[in-house]
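Here is the structure we will look at, set down as structure tokens.
Since every read-out is calculated from the coordinates, none of them should be taken as a lab result. From a predicted model like this one, the values you see are computed outputs, not experimental measurements. Positions of Cβ are generated from backbone atoms using ideal geometry, with glycine treated the same way; all protein chains shown enter the neighbour counts.
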Amino acid sequence: MQTVAVPSRVLSSQTHVTALTGPELTRPKLETDRLSVFYGDHQAVSDVCLTFKKNTVTALIGPSGCGKSTFLRALNRMNDSIEGCRMAGEIRYDGIELQSRQVNVLEVRKQIGMVFQRPVPFAKSIYKNVAYGPIRHGVKKKKELDRIVEDSLRKAALWDEVKDFLHQSALRLSGGQQQRLCIARALAMQPDVLLLDEPASALDPVSTAKIEELIGQLKKEITIIIVTHNMQQARRISDETAYFYMGRMVEHGPTEQIFSNPRSEQTRQYISGQIG
Ligand SMILES: Nc1ncnc2c1ncn2[C@@H]1O[C@H](COP(=O)(O)OP(=O)(O)OP(=O)(O)O)[C@@H](O)[C@H]1O
Ligand SMILES: [Mg+2]
């Protein structure tokens, strides 16, 4: 295969790397190679090899404590900020090793955005919550910020509900609205990959449906990895599913195959409600 030197967004400026060319789809957007994560002596994730294709939704499923969130946080180096947490193995984003010293972590988190289980808006206005990231990354013009805020809130299916009080506190929004605000905040950075850790677990069915619809829209532009305990949700929204058990990735494949005809007996038991 042909290779060519390209500048990468996640590397420090002026740095060029050799990247594969050819059809984009031949290379995964993101992949892990024998990824392990430890908290002190405790190994939470063991030797996970997984690939995530561009413009697909991958669901990570498995019983509580099996390492889904730890694995997800590793993918944009969010675990770096947890004391005593260390990783082994490799994560490659567009072919670039994310643990490399040349990689700019802030840029990684911009490209690979994350939304957590519990919405955590800043104690600021709705507008400032969404504009915060772009401002930190140098956007100054009010017109440009207005456009980013509106676009992101529209994409997160929240604009119509908040457009008349953008300058009121985000803490006055309902839980479901706060979660969509957090999604808007992540989208304002124009991420290439979005990591969602049980984004709908605390939400009512209407808000959940909105978030599921949003995921369907977003995958036209970005790659999505979602942790969920809701099997119906995984089946509805994902193209691929990976089943985790006690830190290991047991099985990965097309969602329909995993749910209708899993290769592993453990996966079958979990999906049918006998584990977890
Ligand atoms: N900050 C931390 N410090 C120490 N141990 C941790 C930390 N976070 C998670 N762990 C441990 O790592 C293991 C995996 O936890 P993780 O939160 O990744 O599981 P999970 O699959 O996301 O579970 P759940 O479905 O309940 O959210 C567990 O044994 C947990 O106790
Ligand atoms: Mg978790």
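With a cut-off of 17 Å on the backbone N, the residues of segment 125-142 near the modelled label site 7 Å out from Ser81 along Cα-Cβ are 129-137. Set the bar at 21 Å for Cα to Cα. Now go through Lys141/Lys210; Lys54/Lys140; Lys54/Lys155; Lys29/Lys220 and name every pair that lies beyond it. Listed pairs above 21 Å: Lys141/Lys210; Lys54/Lys140. Extending 7 Å from Cα along the Cβ direction at Glu144 and again at Val120 yields two label points whose distance is 2.9 nm. Packing order of peptides 111-119, 99-107, highest average first: 111-119, 99-107 (average count of other Cβ atoms within 10 Å over each peptide's residues).
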